[in-house]
1. Looking at B:Ala156, B:Ala111, which one is touching a Phe, Trp or Tyr at 6+ places or on another chain (Cβ under 7 Å) and either surrounded by 15 or more Cβ atoms within 10 Å (Cβ to Cβ) or not β-branched (Val, Ile, Thr) (or both)?
2. Given the criteria assigned to a loop (DSSP other than H, G, I, E, B) and among the basic types (Lys, Arg), does A:Arg187 qualify?
3. Filter segment B:150-202 down to residues that are in contact (Cβ under 8 Å) with a residue 12 or more places away in the chain and assigned to a loop (DSSP other than H, G, I, E, B), then give me how many there are.
4. Could you grab me the full set of residues in segment B:57-77 that are under 28 Å from B:Ala236 (Cα atoms) and more than 16 Å from the chain's Cα centre (by Cα)?
5. Just give me the residues in segment B:202-252 being of a type in the set (Ser, Thr, Tyr), closer than 22 Å to A:Ala124 by Cα and surrounded by fewer than 24 Cβ atoms within 10 Å (Cβ to Cβ), in sequence order.
6. Checking B:Met243 against (1) over 20 Å from B:Leu20 (Cβ atoms); (2) in contact with a Lys or Arg (Cβ under 9 Å, 6 or more places away or on another chain); (3) not β-branched (Val, Ile, Thr), only one condition comes out false. Which one?
7. Let me confirm something: among A:Gly62, A:Gly79, which residue is crowded, with 24+ Cβ neighbours inside 10 Å, touching a strand residue (DSSP E or B) at 6+ places or on another chain (Cβ under 9 Å), closer than 22 Å to A:Val179 by Cβ and touching a residue at least 40 places away in the same chain (Cβ under 8 Å)?
8. Taking segment B:187-199, which residues are crowded, with 18+ Cβ neighbours inside 10 Å and either of a type in the set (Lys, Arg) or under 11 Å from B:Val35 (Cα atoms) (or both)?
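The values are calculated or read from the model by the stated rules, or taken from the named source; none is laboratory data. As the structure is a prediction and not an experimental result, all values here were calculated from the model. Using ideal geometry, Cβ is built from the backbone for each residue, glycine included, and neighbour counts are taken over all protein chains shown.
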Amino acid sequence: MADAQELAIGAPARAGSLRHQRIALAVMIAFFALAPALIYPVFLMKVMCFALFACAFNLLVGYGGLLSFGHAMFLGAAGYVSAHAAKVWGFPPELAILAGTAAATLLGALSGLIAIRRQGIYFAMITLALAQMVFFFSVQAPFTGGEDGIQAVPRGRLFGLLDLSRPSSMYALVFAIFVGGFLLISRIIHSPFGQVLKAIRENEQRALSLGYDTDRYKLLAFILSAALSGLAGATKALVFQLASLTDVHWTMSGEVVLMCLVGGLGTVFGPVVGAFVIVAMANYLAQLGAWVTVVQGAVFVVCVLTFRRGVIGELGHWLKKPF
Amino acid sequence: MNEIFGVPTQALFGQLLIGLINGSFYAVLSLGLAVIFGLLNIINFTHGAQYMMGAFVAYVLLERFGVGYWWALLVAPLVVGATGVLIERLMLSRLYKLDHLYGLLLTFGLALILQGLFRHEYGSAGLPYRIPDELLGARNLGFMFLPNYRAWVIVASLVVCLSTWFVIEKTRLGSTLRAATENPQLVQAFGINVPRMITLTYGFGVALAALAGVMAAPVYQVSPQMGADLIIVVFAVVVIGGMGSIMGSIVTGFGLGVIEGLTKVFYPEASNTVIFIIMAIVLMIKPAGLFGAQR
C-alpha cells in the first residue's frame, strides 16, 4: 500500500528545520553564479527562465493541488507583450518585462475566475482549452506576427545604464530575476497563505468549514502563478530576442508539467532540477527530430509509473528532509 | 430565396454540413471519453492519438494489404481497442489508488509517444485516403449538393452514438455498468468481475475513437497530428456537456459542431475559438455543465 501522502499529487506537508534548505539555496545560487565559466551562458539563461516558469507552475500544482494544463498561455502571452513593447513601443527592458508580467497577471485573473469553478480533471481540461483559445488568438492577431513571431526584439539598456546586448549583463539580469522570483516563491510557500493553500490541497471541505474562503485562496494562487510564469516568459523573450507560437502551444504546457514531475512535484528545488534536465535533454536530442517527443512521452510514463516523487522528492525522502 | 441574412444559402448549408460532420466526430469522441471517465475516473488524453491510430490502421490496410474501407471499419477498432486493453492492464490499472491526475499525466505521455512514433514513420504531411466506391458521388437535394460519403458519416455516427446510449441506458449489461460506476465495491460483492469490466470498457472507449478515426480518414487527411488539436476541442465539448449523461455528450457534440459551422459563415474570425468561448460562458453560469451533475 502506498503511503497516504503519495496518493495526492504534490508533496507531503512536513514541518522541520529549514537549515538544510538554506544550504541547498546557497549551493543553487553559487552554481548559477559560477557556471557560466564552464557552461554555455545562453543555455544557462534558458534553464533559468524555464526554472522560474516551472517553480511558478509548481506553486499551483505542488502546493495548491491544481494541475493546470494551460500554463503556456502565460509564458507565451507575456513574451508577446514584452517583445511588442520593446520593439514597437520602444519600451526600455525593465518596463517591457513589467508590461509582459502585467499582461500575464491580467490573463491569469480572467482565466482563473473561470477555471477555479471546477476541480481536478476538469480544471486541467478547462485550462488546456483556455490556453488553446489564446493560441488561436496568437495565430490570428496582427501584432504577434503569426507563424514568424516577433523577431529581432531589441534588448535595450536596463534603466538606461546597463547595455543588455553584452552577454554578461544579460546574464546578470536573468540571474537576478530568477533568484528574486525563486525567493519570492519559497517565501509564499512558507507563509501562512502557503499553509492554507496546502490545507486546501489536502482537504478542501475541511478548510472551507474552518472558515477559509477557499475560492479566493485558489484564485490568488492561480494569479500569482500566472504572474511569475509571465515574468519568466517576458524575460525569455528578451534573452532570445524572439516571441513565437512555440511558447503558447499546448506542448509547452505539457513540458512544464514534465519538468515539475521529473524534479519532484511540490518540492521547492525540484522544478529547477527538472527544468535543467528537460532543457538539456531537448538540446542534446534536438537533431533527432520526432524522437524528442517520444523520449519526453516515455519520461512521462516512467515517472508516473515508478518515479512519482521525482529527483528531489526521492532525495528528500532518502535524507528524510523536505527540499 | 438565395440569401439568408445576407449570406448565400449555398455557403450556409455547406458550412452547416461541415459543422454536422465535425459534430459527428465530437459526439463519438466525447462519448468514448465519457464512457471511460464513468468507470475509470480518468480522462483519456490518449484518445486523440487513438483516433489517429484508427485512421492509420485503415490507411495501412489499404496501401499495404489492399484491404478496403468496410473491413477497416471493423478491423481498426479491434486492433486499436486491443492495444487499449494492453495499456489498461499494464499501466493504468496501477494508478487507480492514486490521485486521478496521474492517469491524465500517463495518458498524456502515451499520446506524445504515439504521435512521435507515427511522425517518425510517416512524416508530418497529410496522406490521402480515398472514399470507397460505393459512397462516391453526391445527390442533389434541391437546395444543395450532398456528397454521399458525408451523409454516410453523419448517419453512421448517429447510429453508433444511439446504440451506445441504448446499450448503456436500456440493457442489463448497461445497468451493471452504471451500477459499477456508482459503487464498484458493491457490484463486485454481487460476483461481477469489475476489473475485467473496467478493462473492457477502456477497450470499448478506445475502439470508438478508432472507429471515428477510420470514418475521418477520407474526410480529413491521415496525419500524425490529426488527433492532437481535435482532442482539445473535444475536452471543451466534454466540459460544456458535463460527463454525467451519455445523451448529453451526443447532443452537445452535434450541437457544438453546428454552432461552429454557423460561426464560420457569420463571423469566420471566431470559428476556431467559439467552442472555448461557449465553454467559458457555460462555466460561469452552470459550472457542472449543461447535462452534468457536480460530484
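1. B:Ala111
2. No; evaluated as a whole, the condition is false for this residue.
3. 1
4. Quick first cut of segment B:57-77, residues under 28 Å from B:Ala236 (Cα atoms) only: B:57-58, B:73, B:76-77.
Across segment B:57-77, the qualifying residues are B:Val57, B:Ala58.
5. B:Ser245
6. (2)
7. Just one listed residue meets the conditions, A:Gly79.
8. B:Ile198, the sole residue that qualifies.
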